[in-house]
Every structure is written in structure tokens, then in C-alpha cells.
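One structure is given below, encoded as C-alpha cells.
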Amino acid sequence: MKLSTRGKYGLYAMLYLAQKADEGPQPLKAIAQLALPDQYLEQLLGCLRKAGLVTTVRGAQGGYQLAKPPAEITVGHIIDAMEGPLNLSECAVEGEPFTCPHSDGCPARHVWEYLTNSINELLYGISLQDMLDSKEMTST
């Protein structure tokens with residue numbers, strides 16, 4: 001399993017906005033200094049806005065800013081906005097029509113559910129504030 005550039009760049013942009021949260025809206029050009037292409041970054045920020053994670057401010061002093069405090073936005077929220085819900089296997093998704101007739105009693109399905117739930121629990125347990133507070137997480 002590998003995150004796409006959407007997920008990684010979305011997280012980088014959100015971490016940048018968290019670092020600048022007290023400085024007001026950040027222009028696209030400032031966020032793009034993370035070596036992210038402007039047009040691609042604009043698409044990513046649009047997804048984050050639709051998910052309610054960032055807001056935009058128009059005008060000369062406008063730009064993008066977090067819609068909530070960094071402590072209320074998790075890596076899971078960001079990945080979900082960028083990539084969609086994380087599921088390691090289609091059969092581990094609740095409410096989905098299963099293609100396998102044995103999925104209800106399948107021991108492998110339980111493994112996929114356990115792994116999916118564990119990863120999501122970790123992702124939703126790390127906030128942007130946690131990342132800002134941890135040198136180990138922000139130094140990479």
C-alpha cells in the first residue's frame with residue numbers, strides 16, 4: 001500500500017497551514033514553496049475545502065487557512081479528503097456488496113477488517129497539532 005501524491009501533498013499543505021495558523025490566510029504561492037505545482041495544489045486545496053478542512057479568503061490579503069484548530073484536524077481527515085476512505089480490501093468495507101459469497105465467515109476478511117480499523121485508528125489519532133508538537137514527526 002502506498003499513498004498517492006494527492007495524500008502526501010495534501011498533508012504537506014495542511015501542515016504548512018497549521019504552522020502558519022496564527023498568521024492568517026496564506027497565498028497559494030507561499031504554500032507552493034513546498035515544491036508543489038500551483039495548479040495541482042489548487043485542486044488539492046479545493047478538495048480540502050470541500051471536506052471542511054480549509055477555508056478561503058478573497059482579496060489582496062486572502063488565501064487559504066485551516067477551517068479548524070490544528071488539534072481538531074487529523075491525518076485521517078486529510079487522507080480521507082484526498083484519497084477517500086482507507087480500506088485495505090473491498091470485503092472489509094461495511095455496507096458494500098461483497099463479491100465473495102464467503103465473506104461473512106471468511107477468516108481473511110477479519111484480518112483485512114482488523115488491519116483497516118487499526119490503520120484508521122492510528123491516522124485519526126494523529127492531529128496536525130501533534131505533528132507540530134513533535135520534532136520527530138515534523139523533521140521528516
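A few notes on this one:
- Among the candidates Leu41, Leu36, Leu48, residue that is surrounded by 14 or more Cβ atoms within 10 Å (Cβ to Cβ) and in contact with a strand residue (DSSP E or B) (Cβ under 7 Å, 6 or more places away or on another chain): Leu48
- Test for Gln61: is it more than 19 Å from Asn120 (Cα to Cα), loosely packed, with under 13 Cβ neighbours inside 10 Å and of a type in the set (S, T, N, Q): yes
- Test: residue in segment 70-83 that is surrounded by fewer than 13 Cβ atoms within 10 Å (Cβ to Cβ) and not aliphatic (A, V, I, L, M): no
- Those residues of segment 97-140 which are within 24 Å of Leu15 (Cβ to Cβ), at pLDDT 85 or above and polar (S, T, N, Q), in sequence order: Ser118, Asn120, Ser127, Gln129, Ser134
- Test for Lys50: is it modelled with pLDDT of 95 or more and of a type in the set (Lys, Arg): yes
- Test: residue in segment 70-88 that is within 14 Å of Leu17 (Cβ to Cβ), part of a loop (DSSP other than H, G, I, E, B) and modelled with pLDDT of 95 or more: yes
- Whichever residue in segment 1-33 is over 20 Å from Gly59 (Cα atoms), touching a residue at least 40 places away in the same chain (Cβ under 8 Å) and loosely packed, with under 14 Cβ neighbours inside 10 Å and, among such residues, is farthest from the chain's Cα centre (by Cα): Met1
The values are calculated or read from the model by the stated rules, or taken from the named source; none is laboratory data. What you see is a predicted model, and the numbers here were worked out from it, not measured in a lab. All Cβ positions, glycine included, derive from the backbone under ideal geometry; neighbour counts span all protein chains shown.
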